[in-house]
Amino acid sequence: MQANHGSEGRVAADPRPLVGEPLCLDLINTRWVDGGARHDLLDSTGGLAVWLRSAGLDGRATADRATLDATVETRDVLLALLEQRSSPEATEALNRILARGALHHRLGSDGPEDHARTDDPAWLPSWLAAADYLRLLADSPGRVKPCSHPDCILYFHDTTKNGTRRWCSMAICGNRAKAARHYERSKTGP
């Protein structure tokens, strides 16, 4: 299934199987496997436009080549950090991304406001995703998990009360695992 990322002026629907995770995980989940085929939403600026809209950043960032390059680089860094938590190279790369921006505080008409600013607008989505990764590390590092299904490459934030969620989606990967177990039991007979 190749995603149609829309034509001029239109942004296609988000084709990913898991959306709505915290921003850093949502960025990592722009690549997925479906029916054995790998997909990458960030294979074009059209796909970037889909992700920016889905993440609520379409009014703050432009889906152009510079933003796409920065976003793909950041996704690779975040993925390396999740897969090899103690990678000095990935840690330094994340710190370089974080050094590109800062959070500015001000008092607005409705109270305190925070505004992220970056040295280059193309890096705003990347900086926000990197800052979100730090927030998850500070708040709940053990709750950022890969899906337990062997064919799935998605990550999720486990918000269950006891922290035992195993699947990115019970409806997708959880059911696949249950079906596979049922098939194995039926092959061996009663």
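Report yes if Ala37 is touching a residue at least 12 places away in the same chain (Cβ under 8 Å), within 19 Å of the chain's Cα centre (by Cα), open to solvent by 70 Å² or more (accessible area, probe 1.4 Å) and over 16 Å from Ala131 (Cα atoms), otherwise no. Before the answer, list the steps.
Details: touching a residue at least 12 places away in the same chain (Cβ under 8 Å): yes; within 19 Å of the chain's Cα centre (by Cα): yes; open to solvent by 70 Å² or more (accessible area, probe 1.4 Å): no; over 16 Å from Ala131 (Cα atoms): yes.
Here the answer is no, as Ala37 does not meet what is asked.
Quick check on Thr30: is it over 13 Å from the mean Cα position of the chain (by Cα), β-branched (Val, Ile, Thr) and either modelled with pLDDT of 95 or more or under 13 Å from Tyr155 (Cβ atoms) (or both)?
no
Somewhere in the range 120-137, is a residue more than 18 Å from Cys24 (Cα to Cα), in a loop (DSSP other than H, G, I, E, B) and either open to solvent by 70 Å² or more (accessible area, probe 1.4 Å) or of a type in the set (Ser, Thr, Tyr) (or both)?
No, every residue in the range 120-137 fails to be more than 18 Å from Cys24 (Cα to Cα), in a loop (DSSP other than H, G, I, E, B) and either open to solvent by 70 Å² or more (accessible area, probe 1.4 Å) or of a type in the set (Ser, Thr, Tyr) (or both).
If you check Ala61 against the conditions, is it small (Gly, Ala, Ser) and modelled with pLDDT of 95 or more? Please lay out each step first, then the result.
On the way: small (Gly, Ala, Ser): yes; modelled with pLDDT of 95 or more: yes.
It is true that Ala61 is small (Gly, Ala, Ser) and modelled with pLDDT of 95 or more.
Working carefully through the options Glu73, Glu83, find the one that is surrounded by 13 or more Cβ atoms within 10 Å (Cβ to Cβ) and within 28 Å of Arg166 (Cα to Cα). Lay out the reasoning, then the answer.
Numbers: Glu83 fails: surrounded by 13 or more Cβ atoms within 10 Å (Cβ to Cβ).
One residue alone meets the criteria, Glu73.
Here is a list: Leu57, Leu25, Leu52. Which entry is touching a strand residue (DSSP E or B) at 6+ places or on another chain (Cβ under 7 Å) and touching a residue at least 40 places away in the same chain (Cβ under 8 Å)? It would help to see each step written out before you state the result.
Details: Leu57 fails: touching a strand residue (DSSP E or B) at 6+ places or on another chain (Cβ under 7 Å); Leu52 fails: touching a strand residue (DSSP E or B) at 6+ places or on another chain (Cβ under 7 Å).
Sole residue among the options that is touching a strand residue (DSSP E or B) at 6+ places or on another chain (Cβ under 7 Å) and touching a residue at least 40 places away in the same chain (Cβ under 8 Å): Leu25.
Which count do you get for residues in the range 124-168 that are of a type in the set (Asp, Glu), without any contact (Cβ under 8 Å) to a residue 40 or more places away in the chain and touching a helix residue (DSSP H, G or I) at 6+ places or on another chain (Cβ under 9 Å)? Lay out the reasoning, then the answer.
If we filter the range 124-168 for residues that are of a type in the set (Asp, Glu), which is where we start, we get 132, 139, 151, 158.
Imposing the further condition that a residue be without any contact (Cβ under 8 Å) to a residue 40 or more places away in the chain reduces the set to 139, 158.
Imposing the further condition that a residue be touching a helix residue (DSSP H, G or I) at 6+ places or on another chain (Cβ under 9 Å) reduces the set to 158.
The number of residues fulfilling the criteria is 1.
Ala55 versus (1) surrounded by fewer than 19 Cβ atoms within 10 Å (Cβ to Cβ); (2) in contact with an Asp or Glu (Cβ under 7 Å, 6 or more places away or on another chain): which is the lone unmet condition?
Just one mismatch for Ala55, condition (1).
Of all residues in the range 154-174, which are surrounded by fewer than 16 Cβ atoms within 10 Å (Cβ to Cβ) and either part of a loop (DSSP other than H, G, I, E, B) or among the hydroxyl-bearing types (Ser, Thr, Tyr) (or both)? It would help to see each step written out before you state the result.
Keep residues of the range 154-174 that are surrounded by fewer than 16 Cβ atoms within 10 Å (Cβ to Cβ), which gives 158-164, 170-171.
Result: Asp158, Thr159, Thr160, Lys161, Asn162, Gly163, Thr164.
The values are calculated or read from the model by the stated rules, or taken from the named source; none is laboratory data. No experiment lies behind these values; they were computed from the predicted model shown. Neighbour counts are summed over all protein chains in view; Cβ atoms, including those assigned to glycine, are modelled from backbone coordinates with ideal geometry. When the accessible area is computed, the model is the full protein with side chains, heavy atoms only, and any ligands, DNA or RNA have been set aside. Shrake-Rupley method; radii C 1.70, N 1.55, O 1.52, S 1.80 Å.
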